[in-house]
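The values are calculated or read from the model by the stated rules, or taken from the named source; none is laboratory data. Values in this document were obtained by computation on a predicted structure and should not be read as measured data. Here the Cβ is made from the backbone with ideal geometry for all residues, glycine too, and neighbour counts use every protein chain on show.
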Amino acid sequence: MGLPPPEESAIEDEVEASVEAMGLYVDLSDGQLVARCRAGDQEAWNELVDRFSRYVYAIAVQAFKLPGHDAEDVFQEVFTRAYEHLHKLRDDDAIRPWLAQLTRRLCIDRLRAGAQEQPEDLVEPADVDDTIARLDDALAVHEALATLPDGCQDILDRFFAQDESYRMISEALDLPTGTIASRISRCLVKLRGELEGRNSSSTAS
């Protein structure tokens, strides 16, 4: 005979606990997340991969212009090596630049393998540093935006990411156009404050 099915309440409790844990990991700083990973926390590792997956892939595609299949290979190799060598990271808060450097080396290796006779200084695109800097800025804004109230996240996403006009947002949210403009302004102030706070903390450390 098979095992009896679990009680419905037990399943609900397990799902609720899992969702709560996911929320806790999302709220962790990069350094705190790395510390959890070092301790063998698999959920923390899943969150770390999710947090930096687009960043790593964007470096491969946008900075190094790798085709999709090569970028996928680099992506897999970056997180495989990161998992194996996470203990070598000296500063847990430096996980982002560490992953960027690892991605950079693997992209260069992939380009060099395809170019063969081409000198190393001709393999790396000239604007790699600028592109990675832009990606760093974009990731910082994304992380800061995630800390804002849902209403701010929604209205800023509509206005900037989806390029919706005041009128379109007004109709979607059933609010006056003037209210939309003032809310965007207030939310931008909150976003700027969050970014400045992160920059101050980074400078102090």
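May I ask you to list the residues in the range 33-76 that are among the polar types (S, T, N, Q) and free of Cβ contacts under 8 Å to residues at least 60 places away in the same chain?
Within the range 33-76, 42, 46, 53, 76 meet the criteria.
Restricting to the range 99-133, count the residues that are exposed (fewer than 15 other Cβ atoms within 10 Å of the Cβ) and modelled with pLDDT of 85 or more.
Residues flagged as exposed (fewer than 15 other Cβ atoms within 10 Å of the Cβ) and modelled with pLDDT of 85 or more within the range 99-133 amount to 7.
Looking only at the range 78-90, how many residues end up being more than 12 Å from residue 57 (Cβ to Cβ) and touching a residue at least 12 places away in the same chain (Cβ under 8 Å)?
Result for the range 78-90: 6.
In the range 134-174, what residues are surrounded by 14 or more Cβ atoms within 10 Å (Cβ to Cβ) and outside any helix (DSSP H, G or I)?
147, 148, 164
Residues 96, 51, 38, 81: which one is modelled with pLDDT of 90 or more and in contact with a His (Cβ under 8 Å, 6 or more places away or on another chain)?
So the residue among 96, 51, 38, 81 that is modelled with pLDDT of 90 or more and in contact with a His (Cβ under 8 Å, 6 or more places away or on another chain) is 38.
Here are some residues: 14, 8. Which one is surrounded by fewer than 11 Cβ atoms within 10 Å (Cβ to Cβ), of a type in the set (Asp, Glu) and modelled with pLDDT under 90?
8
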